[in-house]
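One structure is given here, and the rest of the page talks about it.
The values are calculated or read from the model by the stated rules, or taken from the named source; none is laboratory data. In this text the structure is predicted, and so the values were computed from the model without any measurement. Backbone-built Cβ (ideal geometry, glycine too); neighbour counts: all protein chains shown. SASA here: full protein model, heavy atoms, side chains in, ligands and nucleic acids out. Shrake-Rupley method; radii C 1.70, N 1.55, O 1.52, S 1.80 Å.
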Amino acid sequence: MAEDTPNISSVIRDVWGFDALRPMQREAIGAGVEGRDALVVLPTGGGKSLCFQAPPLVRDRLAVVVSPLIALMKDQVDGLVSNGYPAAALHSMLDEGENAEVIRQIREGELRLLYIAPERLVNPWVMDLLREAGVDAFIVDEAHCISQWGHDFRPEYRQLATLRDRFGGVSVRAFTATATERVRTDIVEQLRLRDAEVLVGDFDRPNLVYRVLPRMDAKAQIAEALGRHKGEASIVYCLSRAETERTASALRDQGFSARHYHAGMDPDDRRRVQDDFMQERLDVVVATVAFGMGIDRSDVRCVVHAAMPKSLEHYQQEAGRAGRDGLEAECVLLHSGADSAKWRDLMDRSAREAGLDGASPEQIKLLWEMRDYCSGVTCRHAALVRYFGQEFTKDDEPGGCGACDVCLGELTAVEDATTIARKIVACVARLDQRYGSGHVVDVLRGGNTQRIRDNGHDALSTYALLSDTSTPVLRSYVDQLVDQSLLARSHDEYKVLRLTQAGIDLMKGEGEARLIEPKMPTKRPREQRAASRDSADWQGVAQALFEALRGLRREIAGEMSVPAYIVFGDTTLRAMARDKPTDVRALGRIKGVGAKKLESFGERFVGLISEHEDANAQEPA
């Protein structure tokens, strides 16, 4: 409905430079224009922000956006202002003069969108200010934060339930990129949405290539993945602060432009890393999950998890930071059977600090579902989509989704897997279930360690049974057997390997085991998928011109002190490098070029394209 309304179409064309809306955007914008309550779940890259940014312009009234992070507010406001949109944010980083100016704009009715943190919004003084200003709607972004079942629950979000009491007739709309049915129900109840329009987009991200690999040599595997995206934006997630520092240092030694990022850093250093990444002065950030929610960069081409996240919701959110512009990107997840044990320990410790006995059954269930995803050998896209309650049929087609390690045929089944597994399980039994995986691997490989000699383990029947298997591969096999519940790890600090009933049955000749040896790709995703959507995105694009346009974008962003993607996204730059518009009118027809940006720096982009074309015309045939 919304896309057919001339006012909406003209607003979106003039401000954002779009001629059409993506699936679900039409309905979400329509609900906003009609002033209805709504819950909108649009996976990252689905154009969620536009759904709440467009209606206030059409209704010509002020809307308030509740956002959890200052960095996220700042980036979104910078982007809107660069488009000529009257927007601002109220937060603790403003100086006295900036704060007064925003308040003046609110009182004089100059703004159409105001960003604010939840704890500041519920301040009585702010509530009175907004009531006087005649706020038209409240937008709760990252709405999963209000649900205790969500992956990033924040207690301060619970206070938003009072909006219904204090602003009875004002519409409330909630937006999030990731929410299971249970979380969606909780959001509606907590915000007391009335007759809400619930819109859930397609959870599949077909532009993402998912790869899940047993962790063998993490630093080498990370470097291999990033090497397919040299010079492009990438994020590496690690479990600990120390690991981010070690990994970033190792990547720099290998020639990558990489820095670490975690909550324990000096705030100025942390801000500098984030700014350098956003303005394309830094390619790779190695971070804990403290880095991400405030990152709105759309052209991240690779996300690597150095360890398994604690839930599929977390994974979907973090991996989803790749390819937000709709262009192809790669998500690599390295995992080990030890990851779930680490998470279980962290959960138990956190629960005990809160006065509880240990991790809740719900937390453990989410952890096991994440582990099952890692150890599974079904289409990754299908597994994620079905987890969020939607149907997926591409895995039934020849070649499956064509965008994951399973469907691309990158996972190789190990021959005689059951025989190898019996040898490993038997070794655990011979060691009386008293040792961790490191010692078990040493015995199986025929190691000559002091520990083996002192305990006489070189005399065991399982000694050197797998001497021709490398340590990283054998460790991976042990982890895979833990994932298949053929072995278990103790929850104490020593992580001793134990036999399960299934493992005992396997030793007796009952049942089978499955072992996977990954076959790492060497090509970039777009080279591997010649017929892919990404190939079409690059078709006809002059890549030298595209890189020159990226340079100009970086230059303008530096002048404006904003992230580079705010100037233009990669999709827009590729369209410029494909169509090569040499006058401002032609540039204005490119998707993503709105009226304000055309006026502000259209001449500079047209000039660069003209110079490039003139230089090519002068080259000898």
Probe radius 1.4 Å, ligands and nucleic acids ignored: give me the carbon and sulfur share of the accessible area of the chain as a rounded percent. 47 percent
Please work out whether the stretch 13-58 counts as rounded, prolate or oblate from its C-alpha gyration tensor, where a ≥ b ≥ c are the square roots of the eigenvalues and a/c under 1.5 means rounded, while otherwise a/b larger than b/c means prolate and anything else oblate? oblate
How much of Lys219 can a 1.4 Å solvent probe reach, expressed as accessible area in Å² and rounded to 10? 90 Å²
If packing is taken as the average number of other Cβ atoms within 10 Å across a peptide's residues, how do 579-585, 142-148, 259-265, 16-22 rank, most packed first? 142-148, 259-265, 16-22, 579-585
Under a straight-distance cross-link criterion of Cα-Cα below 24 Å, which lysines are reachable from Lys495, leaving out those fewer than 8 residues away in the same chain? Lys219, Lys310, Lys342, Lys365, Lys423
Of Tyr315, Tyr387, ordered by accessible area with the largest first and a 1.4 Å probe, the sequence is Tyr387, Tyr315
Kirkwood hydrodynamic radius (Cα pairs, Å) of the stretch 461-501? 11.4 Å
When we measure straight from the Cα of Lys508, which aspartates and glutamates land under 19 angstrom away, once same-chain ones fewer than 8 places off are left out? Asp416, Asp432
HN-Hα J couplings of the stretch 119-135 from phi, Karplus 6.51/-1.76/1.60, θ = phi - 60°, integer Hz, Gly and Pro as x? 5, 7, 4, 7, 5, x, 5, 5, 4, 5, 4, 5, 5, 5, 6, x, 4
Largest first, please: the extent of the C-alpha atoms of the stretch 396-443 along each principal axis, to the nearest Å. 48, 19, 16
When the charge dipole of the chain is computed with +1 on Lys and Arg Cβ and -1 on Asp and Glu Cβ about the Cα centre, the Cα farthest towards its positive end, among Gly447, Asn616, Ser311, belongs to Gly447
Please grab the % of Cα pairs in the chain that end up more than 42 Å from each other. 29 percent
At 0.36 nm per residue, and after removing the present C-alpha to C-alpha distance, how many nm does the segment from Glu512 to Glu599 gain when stretched out fully? 24.6 nm
What is the sum of charges, Lys and Arg at +1 and Asp and Glu at -1, for the other residues whose Cβ falls under 15 Å from the Cβ of Leu346? +2
Counting only heavy atoms of protein chains, what accessible area per residue, in Å², does the chain have with a probe of 1.4 Å? 41 Å²
Per DSSP helix of 4 or more residues, -39500 (n - 2.57); summed, then divided by the residues of the chain. What does that give at 222 nm, rounded to the nearest 500? -13500 deg cm²/dmol
Distance in nm between label sites at Lys591 and Glu181, each 7 Å beyond Cα in the beta-carbon direction? 3.3 nm
Please state the equivalent ellipsoid semi-axes for the stretch 358-477: what are the square roots of 5 times the Cα gyration tensor eigenvalues, largest first, in whole Å? 38, 20, 10
Any idea how far apart Arg453 and Arg281 come out in nm if each label point goes 7 Å out from Cα toward Cβ? 5.5 nm
Answer check: the stretch 291-359, Cα atoms, Kirkwood Rh, Rg/Rh ratio of 1.10
When the Cα atoms of the stretch 439-518 are enclosed in a convex hull and the volume is divided per residue, what value in Å³ results? 116 Å³
One finds the C-alpha centres of the stretch 216-240 and the stretch 145-169 to be spaced, in Å, by 37 Å
Under a straight-distance cross-link criterion of Cα-Cα below 22 Å, which lysines are reachable from Lys580, leaving out those fewer than 8 residues away in the same chain? Lys591, Lys596, Lys597
Taking only the alpha-carbon atoms of the stretch 236-289, the convex hull volume per residue, in cubic angstrom, is 66 Å³
